[in-house]
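A.B. asks: Attaching a single structure in structure tokens format; questions to follow.
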Amino acid sequence: MIDYVVEAQFSIYTAGVRAVLHRHYIACFVDRILPREVFDELVEECGEDIMSPSGNDAKDVYHFAKETEEWDGDADAYYEPTKRCLHEALELREQLTNLPTDELKPLYDNARLAMEAALKERRRRAEIDAFFNRAEAAADYDYWSGIAVLTPEEGTALSFGKDPRLVNASTLAECLEDGSPFAEDFKNRLRRLERAVEAGALKMPIRTEGFLAWAVKNLSGEQRFLEWCQTFLAKPTDPTPVPAEAGDVGFAVAKLLVGMAMQKYGFSKTYGPSEKSDAFQKIVDDLATAGLNIDVKSVRKHIGEANKLLHERGDFGK
């Protein structure tokens, strides 16, 4: 708890910096000095922690550098500010060490909340220029008004005002690993839609008007999305059934692709994107003998998409 509280007030006091200081415990913790060789070790191993602004209210080397005369920002100029910053951090650590737990705990709780809030804000600012916030990623609702049915993933993207062809679970995977708030919100909303399908609140295939009616009641969407919902739902409902060929991969074509792949080439309906299957190469080879050339990647993509669509519609259970 002590180190956490100190780091909340002095951003330089990271785990990496602490590891270096502990290797020179007597000089740094006991004598409160920072020998030049220790500073050089800190710069080599933890340079980013030392030479970057904290981005929050915690004191960093820049804070102390501003008070240093003849500051010019080169590596040598960090030495004195770093000494002063670490000295105050270690002084605070010493004070906290003498506090009883019931007095230290509130300081820790406040520090944790402050650091979590600062991290969330940094991530929010970092994704302002992310691909999903660019103009080209905005949803074209005129286009999607002409689409009869939607997948849960498409509905999720549209509810955020994003183009599902550019913003989806696949393109957001790396952002999610980096802690993107938007990617996390997308994942959670997608799961909510999937649960709605599982519970029967949305029927597969999801008709666009059915999804929008559900969204108005259950989602707090982006303003443009809500306006689209109101405009779309105000139109007369088309009573005609969804045609078999609707969707990006026609349902009838999907059945043909998957059915023939299963019966002739050993393709499994439980196939997942991360799995391997000999069926794709066999299909490529047979097509080549007929004078039709296609690469394995394309075959895998289209059969995989068709298989996914059939599962989403529940065709294998019918």
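The values are calculated or read from the model by the stated rules, or taken from the named source; none is laboratory data. For clarity, every value in this text was computed on a predicted model and none was experimentally measured. Ideal geometry is used to build each Cβ from the backbone, glycine not excepted, and the neighbour counts take in all protein chains shown. Only protein heavy atoms, including side chains, enter the accessible area calculation; ligands, DNA and RNA are left aside. Shrake-Rupley method; radii C 1.70, N 1.55, O 1.52, S 1.80 Å.
A.B. asks: Using the structure shown, decide if residue 129 is among the acidic types (Asp, Glu), in a loop (DSSP other than H, G, I, E, B) and either at pLDDT 95 or above or exposed (fewer than 14 other Cβ atoms within 10 Å of the Cβ) (or both). Spell out the reasoning first.
C.D. replies: Details: among the acidic types (Asp, Glu): yes; in a loop (DSSP other than H, G, I, E, B): yes; either at pLDDT 95 or above or exposed (fewer than 14 other Cβ atoms within 10 Å of the Cβ) (or both): yes.
Yes.
Per-residue answers, yes or no, for (1) free of Cβ contacts under 8 Å to residues at least 12 places away in the same chain; (2) of a type in the set (Asp, Glu); (3) in contact with a helix residue (DSSP H, G or I) (Cβ under 8 Å, 6 or more places away or on another chain); (4) more than 30 Å from residue 35 (Cβ to Cβ):
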position	(1), (2), (3), (4)
79	no, no, yes, no
89	no, no, yes, no
94	yes, yes, no, no
109	yes, yes, no, yes
117	yes, no, no, yes
122	no, no, no, yes
136	no, yes, no, yes
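A.B. asks: Of the residues that sit in the stretch 165-217 and are open to solvent by 30 Å² or more (accessible area, probe 1.4 Å) and β-branched (Val, Ile, Thr), which one is farthest from residue 117 (Cα to Cα)?
C.D. replies: Restricting to residues being open to solvent by 30 Å² or more (accessible area, probe 1.4 Å) and β-branched (Val, Ile, Thr), the top hit is 197.
A.B. asks: What about residue 5, is it open to solvent by 40 Å² or more (accessible area, probe 1.4 Å), at pLDDT 85 or above, hydrophobic (A, V, I, L, M, F, W, C) and under 29 Å from residue 99 (Cα atoms)?
C.D. replies: On the way: open to solvent by 40 Å² or more (accessible area, probe 1.4 Å): no; at pLDDT 85 or above: yes; hydrophobic (A, V, I, L, M, F, W, C): yes; under 29 Å from residue 99 (Cα atoms): yes.
In short, no.
A.B. asks: So, one more: Let me confirm something: among 112, 165, 84, 124, which residue is under 30 Å from residue 202 (Cβ atoms) and of a type in the set (D, E, K, R)? Even if it seems obvious, please write down each step before you answer.
C.D. replies: Values: 112 fails: under 30 Å from residue 202 (Cβ atoms); 84 fails: under 30 Å from residue 202 (Cβ atoms); 124 fails: under 30 Å from residue 202 (Cβ atoms).
Unique residue meeting the criteria: 165.
A.B. asks: Of all residues in the stretch 272-290, count the ones that are in a loop (DSSP other than H, G, I, E, B), out of contact with any Phe, Trp or Tyr (no Cβ under 8 Å at 6 or more places or on another chain) and open to solvent by less than 60 Å² (accessible area, probe 1.4 Å).
C.D. replies: The qualifying residues number 1.
A.B. asks: Quick check on this structure: which one of 179, 210, 146 is touching a Lys or Arg at 6+ places or on another chain (Cβ under 8 Å) and part of a loop (DSSP other than H, G, I, E, B)?
C.D. replies: Details: 210 fails: part of a loop (DSSP other than H, G, I, E, B); 146 fails: touching a Lys or Arg at 6+ places or on another chain (Cβ under 8 Å).
179 is the lone residue from the list that is touching a Lys or Arg at 6+ places or on another chain (Cβ under 8 Å) and part of a loop (DSSP other than H, G, I, E, B).
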